[in-house]
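The values are calculated or read from the model by the stated rules, or taken from the named source; none is laboratory data. For clarity, every value in this text was computed on a predicted model and none was experimentally measured. Don't worry about glycine lacking a Cβ; one is built from the backbone with ideal geometry, like all the others, and counts go over all protein chains shown. Keep in mind that these areas ignore ligands, DNA and RNA; they rest on the heavy atoms of the full protein, side chains included. Shrake-Rupley method; radii C 1.70, N 1.55, O 1.52, S 1.80 Å.
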Amino acid sequence: MPTKFKLTLEGNAYDVERREGLMVVNGVEFSLATKENQILIAGTPHTVKLGAGVAEVDGISYTVSAEGLEEPPQARGRRAASSNAAAEAGALVAIMPGLIIKILKKEGDRVEAGEVILVLEAMKMQNELQAKAAGVIRQMNVKQGDNVEMRQVLCVIE
């Protein structure tokens, strides 16, 4: 996974580098750690939730985009096609590489659209992955503690 990328937050661009226990933003180092459902930046706890083009930090939403976190072109084409087909078939796919830290539902559970199925930790942030539509979980392909790749099918909802 890339450790250097460009982040645009509310129209302001930042050069970001992730190192062991550190986040370097425009050349300034900040300590970085996680504690329960929070991220600690320079020792200050923050609750962060990521969505498509939006980051919610401590309950405040910001528009956000990133460059440099993309997969190499040769892998992207194959995975995008299979990922899109999987999503259309009711699969919940990983939005980025990371670690499954919590699974809230199991095979056979009925879920509603927007209901959190599992939590994926990526880049020291916890991302709640939600059902896109109501249905029943027919297949759970991961367990707590699994490392997953971007666009990997995590579960199937029918």
Thr47 passes all but one of (1) among the β-branched types (Val, Ile, Thr); (2) within 21 Å of Gln130 (Cβ to Cβ); (3) surrounded by 17 or more Cβ atoms within 10 Å (Cβ to Cβ); (4) modelled with pLDDT of 85 or more; which number fails? (3)
Lys102: in contact (Cβ under 8 Å) with a residue 40 or more places away in the chain, within 25 Å of Val57 (Cα to Cα) and part of a loop (DSSP other than H, G, I, E, B), yes or no? no
Cβ contacts < 8 Å: first residue hydroxyl-bearing (Ser, Thr, Tyr), restricted to segment 1-22; second residue assigned to a loop (DSSP other than H, G, I, E, B) and surrounded by fewer than 12 Cβ atoms within 10 Å (Cβ to Cβ), any location; separation 6+ or different chain. Result? Tyr14/Asn26
Looking only at segment 4-42, and only at residues there that are outside any strand (DSSP E or B) and open to solvent by 60 Å² or more (accessible area, probe 1.4 Å), the one that is nearest to Glu128 (Cα to Cα): Asn37
